[in-house]
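The values are calculated or read from the model by the stated rules, or taken from the named source; none is laboratory data. Note that the structure is a prediction, hence the values are computed from the model and not measured. Cβ: placed from backbone, ideal geometry, glycine included. Neighbour counts: every protein chain shown.
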Amino acid sequence: MTFFLGLRAGLAIALFLPLAVAALKAPDFAHTEPVTLDQVIDGRTLRLVDGRLLRLAGIDTPMGPAKSRLAQLVAGRRLELAYDEPKLDRYGRLIAHLFADGEWVEGTLLERGLARVATSTDDRAGAAMMLAFERRARGAGRGLWRDPHYAVRDPGEGGRFADSFQLVEGEVAEVSTLAGAVVMAFAGDETPRLTLRMDGAALALFREEGIDLQALSGKRVRVRGWIHGTTRPTLDITHPEQIERLRKKH
């Protein structure tokens with residue numbers, strides 16, 4: 001059982017309900033908008049008939065089959081965007097959740113193992129529920145979770161996977177402050193080991209959620225994000241939803 005650290009919408013579901021129940025629900029959003037599809041571009045990007053590009057919120061779809069499955073999910077169905085407020089990414093694409101005849105498209109892709117959770121500072125809504133879908137797919141070995149290329153890594157492997165998005169699990173050995181940032185070092189004898197870094201903006205988000213990072217010392221966590229550097233591999237934590245607290249292995 002995992003404990004999601006971000007106290008966002010849906011957190012109570014992720015913490016206290018059985019996974020099978022958690023994975024059946026979709027988050028609530030303040031706004032919905034009916035749209036019409038023009039073209040599925042890839043596993044998480046669609047073009048709408050009004051010319052806008054839509055990027056499915058909060059997920060990464062690294063496997064080829066995600067595109068065909070997405071096309072099947074949206075073909076001939078009533079489509080609605082859902083969001084709390086409209087957002088654009090750096091490429092000008094609209095970031096939103098997509099529902100097809102009421103089916104949550106992000107949740108379906110995650111549950112079938114065709115996507116993994118990849119939130120950002122401005123793309124965090126529904127993260128607890130998406131993590132529940134992902135955990136169920138990973139536990140069942142579906143889709144990308146059957147492929148060793150997408151395995152959850154050990155912190156000692158960080159340097160091997162520089163310049164890539166990875167999930168990493170390990171025990172936090174130390175939490176320290178350096179030049180206004182918080183740095184987490186993982187336990188273990190391997191050198192180099194992956195370290196986590198949180199700058200001032202990230203720390204403000206953790207404070208907003210009431211999360212004490214010092215309390216993670218000695219705890220086992222799962223983190224996700226882009227790894228930078230081979231000799232001193234680092235993963236930047238920009239928001240709380242990148243960290244899950246796990247039960248220790250016995």
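Things to note:
- Filter pass, Ala137 being at pLDDT 95 or above, more than 19 Å from the chain's Cα centre (by Cα), closer than 23 Å to Pro65 by Cα and surrounded by 14 or more Cβ atoms within 10 Å (Cβ to Cβ): no
- Scanning region 23-56 for residues that are in contact (Cβ under 8 Å) with a residue 40 or more places away in the chain and of a type in the set (S, T, N, Q), we see that the one that is farthest from Gly76 (Cα to Cα) is Thr32.
- Met130 vs. criteria more than 18 Å from the chain's Cα centre (by Cα) and crowded, with 21+ Cβ neighbours inside 10 Å: no
Let's see how each residue does on (1) assigned to a strand (DSSP E or B); (2) closer than 22 Å to Arg116 by Cα; (3) assigned by TED's automatic domain parsing to the domain that holds Ala125; (4) not charged (D, E, K, R):
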site: Thr177; (1), (2), (3), (4): yes, no, no, yes
site: Met184; (1), (2), (3), (4): yes, no, no, yes
site: Asp189; (1), (2), (3), (4): no, no, no, no
site: Ala201; (1), (2), (3), (4): no, no, no, yes
site: Val221; (1), (2), (3), (4): yes, yes, no, yes
site: Trp226; (1), (2), (3), (4): yes, yes, no, yes
site: Thr231; (1), (2), (3), (4): no, no, no, yes
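- Selection within region 105-120 - closer than 20 Å to Arg52 by Cβ and either buried (at least 21 other Cβ atoms within 10 Å of the Cβ) or among the aromatic types (Phe, Trp, Tyr) (or both): Val105, Glu106
- The set of residues in region 135-166 that are free of Cβ contacts under 8 Å to residues at least 60 places away in the same chain, out of contact with any helix residue (DSSP H, G or I) (no Cβ under 8 Å at 6 or more places or on another chain) and within 22 Å of Gly218 (Cα to Cα) comprises Asp154, Pro155, Gly156, Glu157.
- Just one residue in the set Gly170, Gly143, Gly156 is over 20 Å from the mean Cα position of the chain (by Cα) and small (Gly, Ala, Ser); that residue is Gly156.
- Residue identified as buried (at least 18 other Cβ atoms within 10 Å of the Cβ), farther than 24 Å from His149 by Cβ and aliphatic (A, V, I, L, M) among Leu70, Leu37, Leu48, Leu53: Leu37
- Scanning region 70-85 for residues that are more than 20 Å from the chain's Cα centre (by Cα) and modelled with pLDDT under 95 yields a total of 0.
- Evaluation of Thr108 against the conditions (1) at pLDDT 95 or above; (2) in a loop (DSSP other than H, G, I, E, B); (3) among the hydroxyl-bearing types (Ser, Thr, Tyr) shows that the sole unmet condition is (2).
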